[in-house]
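The block underneath contains the structure these notes are about, expressed in structure tokens.
Please treat every number below as a calculation from the coordinates, not as lab data. Because the structure is a prediction, the values reported are computed rather than measured.
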Amino acid sequence: MPLRIATWNINSVRQRLGHLKDFTDSHTPDVLCLQETKVQDIEFPLSDIKSMGYEEVFFHGQKSYNGVAILCKNNVESHEKIVWCGKDDRRHMSITLKNGLEIHNFYVPSGGPVPDPEQNDKFAHKIQFLKEMSKWAAKPEVKGKKIVLVGDLNVAPLEKDVWNHKKLLKSVGHTPLESELMANLRKSGDLIDVGRHFIPDDQPLYSWWGYRYKPSFEKDYGWRLDHILTTQSLKSELKSFEVVRHTRGWEKPSDHVPNVLDIDT
């Protein structure tokens, strides 16, 4: 049986437990990585999530902001958290399965409204974070493993990763600098961009539709901010990929939708 791995910026796990159950019922991921859980660990809804069939649940959160979690049906050997940029703001968690596969769950800073690191500390934080990810991915002990890197990376790097490339070139999330840093990340770790492995670069591919403009989903004004990357050793095992777009049309949805990868392990 293939291993199914999903990633989803849930935008408050407690507010969207019903959506989480609907998604896990329909797609039954073996491993589900969540970002922006927005809950401190003491209030994480552990019993609700275990009732969805996830025996091993790992979470690293804080009140109201950020936060990551990994839900796994079984077979976890170990788990780890890495602090990035010297700030423990709950943006990373990883697990290693008993078959040796590592799954890393990231929530990269959004970067604020102004794409200038000198004027905007949040954008400077984002740039530093992406640079540190590249250094990590370049390590021989990382490149030599079977690794799946998922999460809300908050960059839509390619022209067809946004609904209007020329209009959005000066918008945080699609600036040439951020696109370059994403390319460096992939190059540093010789990583496979799973979405574009299955869907060609010249075709639109989105995972986020903003809240500010209410018809954004209806008009398909989307961005690809959520990503799945893998090391080259997994290339022959990549079986299928899906962006579960219809969840954006649910009542009071997250602005992000799940991405799902099946691997033959």
### Message
List the residues, sorted by chain then number, that are 5 or more residues from residue 146 or on another chain and whose placed amide H is less than 5 Å from its amide H.
### Response
102
### Message
Give me the percent relative contact order of the chain, please, defined on Cα pairs under 8 angstrom at least 6 residues apart.
### Response
19 percent
### Summary
Phi-derived 3J(HN,Hα) across the range 135-147 with the Karplus relation (6.51, -1.76, 1.60, θ = phi - 60°), rounded Hz, x for Gly and Pro, is 4, 5, 5, 7, 5, x, 6, 8, 4, x, 9, 8, 10
### Summary
From the cross-link list 73/160; 131/235; 139/219; 146/214, the entries with a Cα-Cα span beyond 31 Å are 73/160; 139/219; 146/214
### Query
Picking from 82, 228, 49, which is most flexible by a Gaussian network model of the chain using Cα springs under 10 Å?
82
### Task
Identify which of 142, 31, 39 has the largest mean-square fluctuation in a Gaussian network model of the chain, with springs joining Cα atoms closer than 10 Å.
142
